[in-house]
Amino acid sequence: MEVSKVEVVVLGLLAEERLYGYELLERFRSRNLDLLIDVGRASVYQALRRLEQDGLVAGKAQDGREGPDRRVFKITRAGRDRLRRGVAERLGAQASFEGESNLALGFSALLTADEAKRGLASRQDALAALRNRIAEERAKLADDRSVTSRMLDLQEALAAAESTWLSSFRKDLGRLRR
């Protein structure tokens with residue numbers, strides 16, 4: 001893809017308002033985007049520097065009244081164009097639902113039966129924890145009809161589907177070949 005996921009996140013949040021780096025990370029968490037996509041803190045700061053160098057965001061130094069000095073960023077017209085390209089690329093992409101756990105599942109036949117059972121149980125526990133966190137976040141939003149709320153619905157549906165699939169996979173694992 002031409003536009004990286006971290007660029008979409010940074011430009012998307014800056015399209016809503018001017019932010020400095022830490023504030024951008026906090027907004028990312030408060031919008032529950034960390035449930036949807038994995039973006040590292042260092043990646044955000046690196047992207048801000050790169051986007052500023054490329055003229056996609058403009059930064060302005062600001063005195064830190066209650067803390068250290070900071071650089072506040074705003075998106076430029078070119079940045080909005082790049083954001084639109086990044087969103088359009090992803091909406092039209094024929095990508096699978098991917099994740100680190102799927103990679104591990106692909107090699108689970110290499111484990112002993114006990115290791116595989118423990119691994120699958122661990123994944124089920126992780127999905128249960130994720131579903132609990134989604135439920136907590138949904139409760140905070142209450143009757144919210146925002147995109148964030150609908151994205152939580154999607155994550156819940158994906159977690160539920162994976163949990164159902166894992167139960168079936170666990171039953172078949174002993175009969176499956178590499």
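The values are calculated or read from the model by the stated rules, or taken from the named source; none is laboratory data. All values reported here derive from a predicted model rather than from experimental measurement. Every residue, glycine among them, receives a Cβ derived from its backbone with ideal geometry; neighbour counts consider all protein chains shown.
Quick notes on this one:
- Which listed residue, of 51, 105, 91, is over 30 Å from residue 166 (Cα atoms), of a type in the set (A, V, I, L, M) and out of contact with any Pro (no Cβ under 8 Å at 6 or more places or on another chain): 51
- Restricting the stretch 1-40 to residues that are more than 19 Å from residue 74 (Cβ to Cβ) and acidic (Asp, Glu), the residue that is surrounded by the fewest Cβ atoms within 10 Å (Cβ to Cβ) is 2.
- Any hit, the stretch 92-101, residues being under 30 Å from residue 122 (Cα atoms), aliphatic (A, V, I, L, M) and free of Cβ contacts under 8 Å to residues at least 60 places away in the same chain: yes
- Filter result for the condition that a residue is over 21 Å from residue 153 (Cβ atoms) and touching a helix residue (DSSP H, G or I) at 6+ places or on another chain (Cβ under 9 Å), over 88, 104, 135: 104
- Candidates 61, 47 - the one that is in contact with an Asp or Glu (Cβ under 8 Å, 6 or more places away or on another chain), outside any helix (DSSP H, G or I), over 21 Å from residue 158 (Cα atoms) and not assigned by TED's automatic domain parsing to the domain that holds residue 144: 61
- Test: residue in the stretch 73-81 that is in contact (Cβ under 8 Å) with a residue 40 or more places away in the chain, on the phi < 0 side of the Ramachandran plot and surrounded by fewer than 18 Cβ atoms within 10 Å (Cβ to Cβ): yes
- Residue satisfying condition, being in the same structural domain as residue 18 (by TED's automatic domain parsing) and not basic (Lys, Arg), within set 79, 119, 106: 79
- All told, residue 65 falls short of being in contact with a helix residue (DSSP H, G or I) (Cβ under 9 Å, 6 or more places away or on another chain), closer than 16 Å to residue 19 by Cα and at pLDDT below 95.
- Selection count where residues are farther than 19 Å from residue 33 by Cβ, at pLDDT 85 or above and charged (D, E, K, R), scope the stretch 118-144: 3
- Being among the hydrophobic types (A, V, I, L, M, F, W, C), part of a loop (DSSP other than H, G, I, E, B) and surrounded by 11 or more Cβ atoms within 10 Å (Cβ to Cβ) is a property that does not hold for residue 134.
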